[in-house]
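Here's the structure, in structure tokens; my notes come after.
The values are calculated or read from the model by the stated rules, or taken from the named source; none is laboratory data. No experiment lies behind these values; they were computed from the predicted model shown. Note that each Cβ is placed from the backbone with ideal geometry, even for glycine, and that neighbours are counted across all protein chains shown. Only protein heavy atoms, including side chains, enter the accessible area calculation; ligands, DNA and RNA are left aside. Shrake-Rupley method; radii C 1.70, N 1.55, O 1.52, S 1.80 Å.
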Amino acid sequence: MIEVKNISQSYSRQSDNETLSDINITVRENTITALVGANGAGKSTLLSVMTNLLPAKSGQVMLDGVDVRKIKTSEIAKKVAFLKQTHHLSIRITIKDLVEYGRFPHCGGRLKDADKEKVAEAITYMNLEDLVDKYLDEISGGQRQRAFIAMILAQDTPYIFLDEPLNNLDIKYSVEMMKIVGKLVSDLGKTVVVVLHDINFAAAYAGHIIAMKDGKVYKEGAPLDVITPEVLDPVFDHNFHITKHDGRPICLYYDHSMKHIHNHGDHVHMHEHPHEDSDVPHAHQKEVRSEIN
Amino acid sequence: MVRKLAQPLPKAGDNSIIGHMLNGIKSFFSKPANVRMVIVFLLLAAAIAGAVWLYIFSRTDLRLYRLGMTRDEAPPGAIESIMGRTLPALYAMAASAVVLAVISLSFQTIVQSRVLTPSMIGFDSVFVGTQTALVFVFGAGSILFADPYINYFITAGIMIVVSMVMFSFILRSGRNNIIFLLMFGLVLSGIIGSGTRYLQVIMNQSDFFQVQAATSVNINNMNTEIIGIAIPIMVVVVFATLWRHRRYDVMSLGSVQAKSLGIPYEREITINLVIIAIGMSVATALIGSLTFLGLLAVNSAREIMKTHKHLPLFIASAMMAALALILGEAVRVFFEWAIPVTVIINLVGCVYVFYLILKENKT
């Protein structure tokens, strides 16, 4: 069980500039918990604190009733696995070698037969048998992401933390990845905490959603309770329109002011300023792009 | 079941251990990559042995031949006296090459760069600075400066402190990027260098000459006095590093992933910085500054071994460094060239760094 108690965290010395303030949550077992929120809301920081990659400045993170700061790093690694956002490696390495590193917390790098079995299981589970001897730079982004998940599976921890696993994945691989994460929970009984940028993926796959704003938990609960205009509008500082599909909420979050823009072939005109042909819409597109970035 | 039946029946407790080892060796050699690795090591070892022979031959028989003598005609004690200088020189070259190669590789892993080595960010300037400060404060006659062992321990201690301060500042604040490290090293060696020069200008002349003698150590003027301590330190540094080779493997995945796999990253960095500072101080004190040897050795080992595993890389880097230094020096003595081998190593290393920087920038 992972409990977060009164966590506050700040990068700078000034205490008024907190990246996390007074966070209290309990991670639900055997569920996908999604952390959502705007950029800079503290999602990734919270994930790092929960896994003790970033030691908590005040407050406690309890892992099975013990403060994580009092547990050896190597012992934490047997219970908690963390996958970071980008997988830029400075080394050239095969999938098999990568997955074998997942056993490091258990065997210190000396793989015994039991460890090799776990590695083989993880590789089979992620459908990577044909690629085991391929180097990571020879395979697609989706396969690479699967290789890293296989490493985490080999690590064989009850808790898995994923920091934006859908980054740099196209829609097909994103859906594949979330299905895999779902299977980790339903088939293998894992507890997964995942930071997601796309709230619709959270709405579709998470069992529990934590919406964060300005370093605080704004609202947590089941998707139907969190994916509402009342919660999301202030969290993302944006107007949301929520609809439903198969009992799951779906967010439509395109800019409502865009309704006034009509698309005539290649040219974009705005109703209010019919004479300013290109300047305003371009400026607007730039804004949208910088938001996405 | 099938696998169990295929194995020979265990006879006694002892045999099973030997059998296990034999199986291990068999499975090791069943992989072509491992066979290739062993062949490379054997070739390198043979090349080093050849280089050592050439070095000794050039300094003894060849020199006598040039003087028109054979070994039998040599004045009594001449060979012994030459060997008395040749062997410590060989030990010193081997020890500093091995130490530099090993700490360069571990340094590259902790800073996640193939271009940097400890020498390149101004470690050697700390050595010169320490020597100058010792003489300036205590005088050239002081035992702190004059005794090679005490001098070494003080220098090593100061280098450890400086590197800890410097790297805790760089690595812990998360600003672990090459440009920042290089600039920091450049500025640091600039500051220490000008401070050193300032002290050397205002100190008295005899002290100045003493400092000059102590800091102008190079391959032609090795400080073999400390060989008695350099060899044990080399052994300790090499074993301390090789023993952690599996941790380096995991650390090459990056700090976050290494931590998540149970590596106490901050502690590892501290331990490594101490090892690196000890190694750098012994290599610099023995043979002077060899800026690019570590870089060349580590990167050529990577090219030859084609692996990311640190155990073979450590061994191959150490062998490459020893080979480059000893063979280079042997060839120089053989042809009686005036240019020291270190100049050539630095020249080649410089070009190679340009190549690496251009290559890394492309990807």
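Brief remarks follow.
- Helices that extend 27 Å or more along their long axis by alpha-carbon positions and average at least 0.0 on the Kyte-Doolittle scale are, among the DSSP H runs of chain B, B:32-59, B:78-111, B:148-171, B:178-202, B:265-287, B:310-335, B:341-362.
- Local electrostatic count at B:Ala33 - Lys and Arg +1, Asp and Glu -1, tallied over other residues with Cβ under 13 Å: +3
- The fraction of Cα-Cα pairs per 10 angstrom bin, counted from 0 for the protein assembly as shown, comes to 3, 13, 19, 20, 17, 13, 8, 4, 2, 1, 0 percent, rounded to whole percents.
- Here the stretch A:49-101 and the stretch B:105-146 have alpha carbon centers that stand 35 Å from each other.
- Size of electric dipole in the stretch A:2-238: Cβ of Lys, Arg +1 and of Asp, Glu -1, about Cα centre, debye, nearest 20: 640 debye
- For the stretch A:31-125, the set of trypsin sites (Lys or Arg not before Pro) satisfying both a DSSP loop assignment and a count of at most 11 other C-beta atoms within 10 Å is given as A:Lys72, A:Arg110, A:Lys112.
- The residues neighbouring A:Ile71, those whose beta-carbon lies less than 12 Å from its own, together hold a net charge of +2 under the Lys/Arg +1, Asp/Glu -1 convention.
- The chymotrypsin sites (Phe, Trp or Tyr not before Pro) found in the stretch A:1-101 that occupy coil by DSSP, while having at most 15 further C-beta atoms within 10 Å, are A:Tyr11.
- Estimated 222 nm signal from helices in the protein assembly as shown, with DSSP H stretches of n ≥ 4 weighted -39500 (n - 2.57), rounded to 500: -19000 deg cm²/dmol
- A:Ile250 accessible area, assembled protein chains, probe 1.4 Å, Å²: 50 Å²
- Accessible-area value, A:Met178, 1.4 Å probe, nucleic acids and ligands omitted, Å²: 0 Å²
- At 1.306 mPa s and 10 °C, Stokes D of the stretch A:40-107 from Kirkwood alpha-carbon radius, µm² per second: 115 µm²/s
- For B:Lys359, a cut-off of 19 angstrom between C-alpha atoms picks up these aspartates and glutamates, skipping any fewer than 8 places away in its own chain: A:Asp137, A:Glu138, B:Glu303.
- Assigned charges on the beta-carbon of Lys, Arg, Asp, Glu; the stretch B:176-274 dipole about Cα centre (debye): 320 debye
- Share antiparallel - DSSP beta bridges, the stretch A:2-238, percent rounded to 5: 50 percent
- Dipole of the stretch A:84-123, positive end: most advanced residue of A:Leu98, A:Gln85, A:Ala114 [Cβ charges, Cα centre]: A:Gln85
- Electrostatic dipole magnitude of the protein assembly as shown [Cβ: Lys, Arg +1; Asp, Glu -1; Cα centre; debye, to 20]: 1920 debye
- Cα gyration tensor, chain B - rounded (a/c under 1.5), prolate or oblate: oblate
- Built from the Cα atoms of the stretch A:2-238, the convex hull projects on average onto 13.2 nm², one quarter of its surface area.
- With a cut-off of 13 Å between beta carbons, the residues surrounding A:Leu131 carry a summed charge of -2, where Lys and Arg count +1 and Asp and Glu -1.
- Cross-link partners for A:Lys172 among the lysines, with Cα-Cα distance under 26 Å and sequence neighbours closer than 8 places in the same chain left out: A:Lys43, A:Lys84, A:Lys96, A:Lys134, A:Lys183, A:Lys190, A:Lys244.
- The Cα atoms of the stretch B:46-93 give a gyration tensor whose axes a ≥ b ≥ c have a/c of 1.5 or more with a/b no greater than b/c, which makes the shape oblate.
- Accessible area, probe 1.4 Å, largest first, for residues B:Val236, A:Val132: B:Val236, A:Val132
- Placing unit charges on the Cβ atoms of the charged side chains and taking the dipole of chain B about its Cα centre, the candidate lying farthest along the positive direction among B:Gly185, B:Ala92, B:Gly19 is B:Gly19.
- The A-B contact accounts for approximately 2000 Å² of buried accessible area, totalled over both chains at a 1.4 Å probe radius.
- Dipole of chain B, positive end: most advanced residue of B:Ile226, B:Ala316, B:Ile344 [Cβ charges, Cα centre]: B:Ala316
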